[in-house]
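The values are calculated or read from the model by the stated rules, or taken from the named source; none is laboratory data. Just so it is clear, the structure is predicted and the values come from calculations on it, not from any experiment. Note: ideal-geometry Cβ built from the backbone for every residue, glycine included; neighbour counts use all protein chains shown. For accessibility, only protein heavy atoms count, side chains too; no ligands or nucleic acids. Shrake-Rupley method; radii C 1.70, N 1.55, O 1.52, S 1.80 Å.
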Amino acid sequence: PAIGYYDPLNLAEGEFWGQSNEAPIGFLRHAEIKHGRVAMAAFVGYCVQANGIHWGTKMTLGGADWPTGTPPEQWDALPQASKWQIILFVGLLEAFDEQAGPHYTNGRKPGEFPSFSETYKAGKGIPHPVPFDLYDPFGFSKNASPEKKARGLRIEINNGRLAMLAVFGFMSASKVPGSVPALADIIPPYSGD
């Protein structure tokens, strides 16, 4: 991998939750893939927002315009209700991922988000059918060979690791000017919290 394996606390060698070593490895791999996906979306979102690109509609039903400035300043300008809406939606996705079986520490492939439609068919908490799943919504990899899926996952993990570093680079460069020399003239400073 381009961004190598890094485990300074030796977490992958531990045996947590009264289970074998496989459970922490599944937990850590799932967390790495999930955070890598979020970081890839954050990287693209940061680049798009920093260039002033946004939806053509108003931001709120009350008619508020989209905030301007750097992405951290845009977050500061969001109404409190909008921030809570985002946080609660992510929390619901996390709760759904944790309750769906089998758990990623006990048999489910790390990085695979549970199927909404399968959960609905099994009668496990989804009140109505959902047309798309988060994991492979259009079925592109459904018929792919195991080798192709494994290669795609390696690529996704590498891109996720790089995106995590990039997002932290953006945040560091905006908060501490000069901390990331390559971004010195690209990322404007941010003085907020």
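Separation of the range 1-74 and the range 126-173 by C-alpha centroid, Å? The two parts, judged by their Cα centres, are 11 Å apart.
Per the Cα gyration tensor, the range 91-154 maps to an equivalent ellipsoid with semi-axes of 22, 15, 10 Å, ordered largest to smallest. For Glu73 and Leu165, a Förster radius of 22 Å and the Cβ-Cβ distance give a FRET efficiency of 0.45, rounded to the nearest 0.05.
At an R0 of 35 angstrom, the distance between the Cβ atoms of Val44 and Lys124 translates into a FRET efficiency of 0.60.
Charge tally for Asp193 (other residues, Cβ to Cβ under 13 Å; Lys, Arg +1; Asp, Glu -1): -1. The residues packed around Leu11, meaning those with a beta-carbon under 13 Å from its beta-carbon, carry a net charge of -3 if Lys and Arg are +1 and Asp and Glu are -1. Note on Gln19 and Gln85: the model spin-label points, each 7 Å out from Cα along the C-beta direction, lie 3.6 nm apart.
The residue among Val130, Ala182, Pro67 whose Cα reaches farthest toward the positive pole of the charge dipole of the chain, with charges on the beta-carbon of Lys, Arg, Asp and Glu, is Val130. With the whole protein complex present, Ile86 retains an accessible surface near 80 Å², based on a 1.4 Å probe. In a GNM of the chain with a 10 Å cut-off on Cα contacts, which of Leu92, Leu61, Leu134 has the highest mean-square fluctuation? So, out of Leu92, Leu61, Leu134, the one fluctuating most is Leu61. Available extension along the chain between Asp65 and Tyr135 is 22.0 nm, counting 0.36 nm per residue and deducting the alpha carbon span.
Given a Förster radius of 41 Å and the C-beta distance between Gln99 and Ser179 as r, what FRET efficiency does 1/(1 + (r/R0)^6) yield to the nearest 0.05? The value I calculate is 0.50.
Here the convex hull built on the C-alpha positions of the chain has a volume of 182 cubic angstrom per residue. Look at the alpha carbon pairs under 8 Å that are at least 6 residues apart: their mean separation over the length of the chain gives a relative contact order of 27 percent.
For the chain, the longest principal axis of the Cα atoms and the long axis of helix 22-50 meet at an angle of about 30 degrees.
Note on Asn158 and Tyr6: the extension gain reaches 53.5 nm, defined as 0.36 nm multiplied by sequence separation minus the Cα-Cα distance.
The phi torsions of the range 105-122, fed into the Karplus equation with coefficients 6.51, -1.76 and 1.60 and a -60° offset, translate into couplings of 8, 9, x, 6, 5, x, x, 8, 7, x, 6, 5, 5, 5, 5, 5, 4, 7 Hz, rounded to whole numbers, with Gly and Pro shown as x.
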